[in-house]
1. Under unit Cβ charges (Lys, Arg +1; Asp, Glu -1), what dipole magnitude, rounded to 20 debye, does the protein assembly as shown have relative to its Cα centre?
2. Sorted by average packing, counted as other Cβ atoms within 10 angstrom per residue and highest first, what order do A:289-298, A:274-283, A:455-464, B:255-264 take?
3. Please give the Cα centre distance for the range B:178-252 versus the range B:111-130, rounded to the nearest Å.
4. Around A:ILE329, what is the net charge, scoring Lys/Arg as +1 and Asp/Glu as -1 over all other residues with Cβ under 11 Å from its Cβ?
5. Could you tell me which residue out of B:ASN231, A:LEU127, A:PHE479 lies farthest along the dipole of the protein assembly as shown toward its positive end? Charges go on the beta carbon: Lys and Arg +1, Asp and Glu -1, centred on the Cα centre.
6. Please compute the modelled spin-label separation between A:ASN94 and B:THR80, points set 7 Å along Cα→Cβ, answer in nm with one decimal.
7. Across peptide B:152-158, how many C-beta atoms of other chains are within 10 Å of each residue C-beta, on average?
8. Give me the net charge for the shell around B:ASN275: Cβ to Cβ below 9 angstrom, other residues only, Lys and Arg +1, Asp and Glu -1.
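Any read-out appearing in this document is the output of simple, stated calculations on the displayed coordinates, not a laboratory observation. Just so you know, these numbers come straight off a predicted model, no measurement behind them. Every residue, glycine among them, receives a Cβ derived from its backbone with ideal geometry; neighbour counts consider all protein chains shown.
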Amino acid sequence: MATFIVRRLIAAVLILLAATFLMYNMVAFSGDPLEDLRGVQTPQTAQLIEARIRLLHLDVPPPLRYFIWLGGIGGCFIGQCDFGMTIQQQPVLNVLLNSMDQTLRLVTIATIVAIILGIVIGITTALRQYSSYDYGVTFISFLFFSLPIFWFAVLLKQFLAIGANDWLQTGAQIDWWVIVVVALVSGLFWMSVLGGDPKRKAITFALGTLAGGLVLGYMSMSGWFLNPRFILFGLDFSLLAIAFLMLSVALIVTAILAGIKNRRSLMIGLGVAVVGIALYYPVNYYLFNPQVVPMNFWILAGLAVVTILVGVGAGWVFGGDNKSVNMKIGGWTAFLVGAIMVVDRHMQLWQAYSQSGYIRGRPIATIGASNPGFSQSSFFVQGVDAFTHLLLPTIALMVISFAGYTRYTRASLLEVLNQDYIRTARAKGLTERTVIVRHAFRNALIPITTIVAFDIAGIIGGAVITERVFGWTGMGSMFINGLNQVDPNPVMAFFLVTGALALLFNMLADIAYAALDPRIRVS
Amino acid sequence: MTTNIPQTNEPHVTDAEANLELKEIEGLSQGQIVRKRFFRHWGAVTSMIVLALIIILAFTSVGISAGPVRIPGWWAWDWTQNPRPVNGGTPSWEHPFGQDSIGKDLFALVMRGTQQSLMIMVLVGLIGATIGIVIGALSGFFRGWVDSVLMRFTDVIITIPFIVIGAVIGSTFGKLGAFVLAIVLGLFSWTGLARLVRGEFLSLREREFVDAARVAGASNGRIIFKHILPNAMGVIIVNTTLLMAGAILAETGLSFLGFGVQPPDTSLGLIISLNQEAFQTRPWLFWWPGAFIIVIALCINFIGDGLRDAFDPRQKRMPSERAMRQADVAAADAAALRGHEAEDPAFAAAADGQAPGPDARAPRAEGDTAGDRGDRDRG
């Protein structure tokens, strides 16, 4: 494995070298970097041109200038990074460091959300093949495939940001007919996803419609969208809702991984959830209190690891004779319970955030990656701020790759379900859950890993467009500005980061492929 | 007894399937089979009709303008004319799609943009497919160092996101017009197809018919073009359609960013880009070009889906599970009744058509391996 990774790394570096050489020359030959200076005739023009030529080494022909640039990049290995200067005489490295964070955050979140949603919906469509749900999702994914991302982004800006802000400002009440339509749609959705005989379908439909209608009606009446808390008679009963949510998460995780009839697993899942509920107030008053713990991303990530380890430990201690499955249940439940707490901590701040002076009741942002007014605020306020800014670009970016993932997952799961070993598993009398989760799903994942790698390139390209529409000053705008001014250095910095990211994901996909599929030998 | 009578028609559902199977091996050529299957896919057929209508509309309405050649169309306005804005440019009888802020007729603009998009789509598809087939075929067939060199070259190009390389190309060649832009875009769009064709060739060259051809003394060129390539045609055609749909979106995206088609010429992406701020006041400037992009891309994607179903017999669409279950029940009933009702013409027909019993039912998920493979390297 080690030799495989080393070989792939060397190949990746060589490919990146060739690709950067190609890009550098294409950008350098795409126009005249002195055009803006040549247009004006002032006494200093000659001087300015001379200065720019010296700054950007324009007297060296591009193929050779590439090696000057490469030498600067090579300096990174000895601690002296030099990405060159932009045409405005700023070091590219500073520009890059300022913009990289936003773009990578956008790309990563969009990718992860698209993968999770795409795989879940792909699996359900494959299991309900040729149902109306399947056909509906198929059509929608075709539609998403054909959406021009910039057009969709402008639509989002109009309806989901401006429209939603207007709606939030005017009291966030939902019209009764919207509630009815959404309730019916949710009923139909659950009916076709859960399936069964007509009687069961009718019951599912009724329950789904009722639940959807009640939840939405409550949300509308209590102004949930203005202050997402569960308030009854003026008292905050949010813990009740959260407890319900955590217990159902534990139930779902157990149902997927071990089956609800497995008492021991169910107890472990529910036990982890109960621990989470018991810790709700301590965590909120101490751990998530910025005056007690100066929270940042790394502490949160560390807490997540600790939480998962505790869950896994619970599965190990109480796991009985089925330790591995119970450890998984414990770990997943603990992670999701913790995630609910983090989300809830943000939701507590929503009302204060949207009524603050910088926001004035119009929380969904259309421009920029963050609101500078909150740069001194606590981690969680900044989290809410990041959410309102990331929401629209992430949806715009996600939509296209989401369509790809659903189609792929569906196809791959259907192909696996048709294999002989699935028939054997069914013939042995295994439950449908075991067949799908243990035998089919894992093998269906193998081909999906490869398109994740492919998709990264598409998402980065989409990020360039999305950043433009939403006015982010990320790497995409650095790329576009550099290209417009025939300035190879920022363009190359953009490409170096994204190209390295694409190659990294490609390599991870190869490794994952080898790890998932024992038929593939990587030596 | 009477309850069974309505069901006696059901076996014909499976008969139809069975008859189709029979017809497919009844001396039809590959092309005929593919055409037959394609025309059964109503989504693809509808898309083809819609696409044809759009092509006719786009090229007849505002005429053709290619270099010095200028053929006027039947539409009153041109995309270069600036008539006086009527009523603030809202859609009217005179200007059904409305007018933009300086009075240009939006219908003429959109039609011209559609022409550009279609031309770019076809050129990128043709050029990309040709290069992709040649490179994929060479590296898949000869393997060894040819394969290594060509595939490393492909890796280099594929590392650069298409929209990024397209922007670089556009900033160089965009001024030279959409035609040149399309050709250069095509020169960089072949990578995904080359990989797929290589994969096809790698597996096909190990098959017996290739050995047979070689033993019979066929040259390498003949084996590649006459024996392997026709068998890889399905994958190639399907992925070329996907490439074309991607090309439309890439072109509009590039024009939106300002690296595609440049004024005074126009394109669908450029119209949206120039008017995105006007969404509040003149939404029609935004809806029409967007709708045309989506409809064209959707048509191409559906045609690609139909072609995939047509080319790969493994991936045939199956009747729904319920229909098959009903057919099974009906067939079983029919089989039970056949003994004493064979004189009934309906049952006789069912019996002749080897009405499949429960065992004859196709495996549930046969095929439909969707093959949405084909990388979608696009923006």
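1. Charge dipole, the protein assembly as shown, about its Cα centre: 1320 debye, nearest 20.
2. Order by mean packing, descending: A:455-464, B:255-264, A:274-283, A:289-298.
3. Distance between centres, Cα-based: 19 Å.
4. It works out to a net charge of +3.
5. A:LEU127
6. 4.8
7. 5
8. -1
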